[in-house]
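Presented below is the structure to which this report refers.
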Amino acid sequence: MAVLDDLSGFEFEDVMEDVFRNLGYENVRQADRTADEGRDVIMEEVVDGTRRAIIVECKHTGTVGRPVVQKLHSAIATFDFDGPKRGMVATTGRFTNPAEEYADRLQRNDDPYPIELIDGEDLREIADEIGLDLYNGRIEILCDETLRPYDPAADVDAPVQEAFRDIENIEAADLPVPHSQVTFRPVVAITADTNAVFETSVGVIHRINDRTQFVVHAERGHPKVADDEVATLVTENFHATVPLDTGQFTEVFDDVDERRFGQTQTEYKEWAVDRLQDYHTTTVTYTGDNNVTYNKTCEPNLSDISVQSIEPVYLPEVRQTTEILEYSYPYEYYAAGPSRVTLEDGIHRCVHCETSGVDETYTYCPNCGAIACDTHIKTERLEGEPVCTGCAVTERFALKTKYFYDEQNLDAFRKEYAEMPIHEKAMENRLLAGGSVVATLLLVVGLLVIGGII
């Protein structure tokens, strides 16, 4: 397999680690390179409910003979694992006849430590199966699954209808159908183990034994770790993915867009390992044998970090825009069936100020289509319905500002106001009218006191 000739032996081991992970093996990790003992990659599989260890010898060479297979057989026998064990030899080249005969004899004799041989031709078939680019030894992302962009038990615009439900003065039946678009954004869920021990002359000063799980936004550009809400949405809904069929989704959404994964799976693995190495690096203070205090930076080796799984999936980003008279109300969220994480809520936001959030009260103005907070919503004097301060026509009556839908309503009230008796006019400003009554009573009481009547 000449296309892999430029890889070093260690790089070939890295490639094979990715290959086995993509083939579904578990706990795939590399043995310590400073003490190989014939075990390059170690992994596990579950067969009929029984967990079995697999020790893999990787040989980036033209020909593999019988001694390599025999050495691996001995390494399997001494490998510490509580359960059955078997071996593999993977090579970019071919196996000699004695090597194949030795492995066949182990199988025929039901040896407790059988060995499977994978040659260059086998690797080509595997490469096609998992999307391995043999020219650079990297695993490409092959993904055609997405989280559900909407709840199949409800309408696509159900989230928008739900968001409008607590907006006062508007009913769901009055809402126009929103314009809907979905962008399928690539993400990868990564699980990795970090195991490291740091020792000095006084003994162990620091240990790391940690399993880290995180979700990464995987479009072009630098990968970015998703926040906790998005990570939970992704990991809790992996069991409910559907095929990414853009043709099917164009029947439901007005616009459909699919983004590509920005890097190979191998590159995401390398990025994750570097990130975890930085994350786990810490400075430890300890006291030496001479009672002197020392500081030591404990940085795990790359070989201490083992990526257990890299699971790609598409995360639907849905944006629905509702056009009402003069205003547009966007509502954007990541979707996973009935579950979602809101990215932008333009419905719970006053069009006239910075007030936003679902904890506030908002009222719809049927005159212009505005959604406004309590500060910017008034009662229309003529019809007694809400009107926002942005569109209302105003005029002062009895020294109090009144709000109207338009000049026509204002003119109608002017005529009505002109025909009111004086006491009704005064009640157009209840505070002023109430104050006048109180002032009059106080004046009467004062005169009665002065006159000696009370």
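Listed by position, the helices (runs of 4 or more DSSP H) inside the range 221-328 whose residues that are among the aliphatic types (A, V, I, L, M) number at least 2 are 228-235, 265-280.
Do we have any residue at all in the range 252-260 that's more than 18 Å from residue 184 (Cβ to Cβ) and out of contact with any Cys (no Cβ under 7 Å at 6 or more places or on another chain)? For the range 252-260, residues more than 18 Å from residue 184 (Cβ to Cβ) and out of contact with any Cys (no Cβ under 7 Å at 6 or more places or on another chain): absent.
Within the range 161-181, can you find the residues that are assigned to a strand (DSSP E or B) and in contact with a Lys or Arg (Cβ under 8 Å, 6 or more places away or on another chain)? 180, 181, listed by residue number.
The residues listed here are 87, 83; of these, the one that is small (Gly, Ala, Ser) and part of a loop (DSSP other than H, G, I, E, B) is 83.
Would you check if residue 309 is polar (S, T, N, Q), surrounded by fewer than 20 Cβ atoms within 10 Å (Cβ to Cβ) and touching a helix residue (DSSP H, G or I) at 6+ places or on another chain (Cβ under 9 Å)? Yes; evaluated as a whole, the condition is true for this residue. Taking residues in the range 401-418 that are within 15 Å of residue 388 (Cβ to Cβ), and partners anywhere that are hydrophobic (A, V, I, L, M, F, W, C) and open to solvent by 50 Å² or more (accessible area, probe 1.4 Å), the pairs with Cβ atoms closer than 8 Å and at least 6 places apart or on different chains are 404/382; 405/382; 409/382. Is there a residue being of a type in the set (Gly, Ala, Ser) and assigned by the TED database to the domain that holds residue 178 anywhere in the range 276-294? Yes, the range 276-294 contains a residue that is of a type in the set (Gly, Ala, Ser) and assigned by the TED database to the domain that holds residue 178.
When we screen 46, 56, 68 for residues that are assigned to a strand (DSSP E or B), among the aliphatic types (A, V, I, L, M) and over 23 Å from residue 304 (Cβ atoms), the only hit is 46. What single numbered condition from (1) loosely packed, with under 14 Cβ neighbours inside 10 Å; (2) within 19 Å of residue 337 (Cβ to Cβ) fails to hold for residue 222? With respect to (1) loosely packed, with under 14 Cβ neighbours inside 10 Å; (2) within 19 Å of residue 337 (Cβ to Cβ), residue 222 is out only on (2). Residues in the range 151-194 that are hydrophobic (A, V, I, L, M, F, W, C), in contact (Cβ under 8 Å) with a residue 24 or more places away in the chain and closer than 17 Å to residue 249 by Cα: 153, 154, 156, 182, 184. With respect to the conditions (1) in contact with a helix residue (DSSP H, G or I) (Cβ under 9 Å, 6 or more places away or on another chain); (2) surrounded by 15 or more Cβ atoms within 10 Å (Cβ to Cβ), residue 244 falls short on a single one, namely (1). Checked against (1) more than 20 Å from residue 233 (Cα to Cα); (2) not assigned by the TED database to the domain that holds residue 19, residue 122 meets all criteria but (2). Restricting the range 43-90 to residues that are open to solvent by 20 Å² or more (accessible area, probe 1.4 Å) and of a type in the set (A, V, I, L, M), which is nearest to residue 16 (Cα to Cα)? Top of the filtered list is 68.
The residue that is nearest to residue 28 (Cα to Cα), counting only those in the range 38-64 that are at pLDDT below 95 and small (Gly, Ala, Ser), is 38.
For the range 136-157, the count of residues that are in a helix (DSSP H, G or I) and surrounded by 15 or more Cβ atoms within 10 Å (Cβ to Cβ) is zero. For the residues 385, 354, 395, the requirement of being touching a residue at least 40 places away in the same chain (Cβ under 8 Å) and open to solvent by 10 Å² or more (accessible area, probe 1.4 Å) singles out 385. Within the range 287-306, the set of residues being over 34 Å from the mean Cα position of the chain (by Cα) and either open to solvent by 50 Å² or more (accessible area, probe 1.4 Å) or farther than 29 Å from residue 199 by Cα (or both) comprises 287, 289, 290, 291, 292, 293, 294, 295, 296.
The values are calculated or read from the model by the stated rules, or taken from the named source; none is laboratory data. No experiment lies behind these values; they were computed from the predicted model shown. All Cβ positions, glycine included, derive from the backbone under ideal geometry; neighbour counts span all protein chains shown. Protein only, heavy atoms only, side chains kept; ligands, DNA and RNA dropped before computing areas. Shrake-Rupley method; radii C 1.70, N 1.55, O 1.52, S 1.80 Å.
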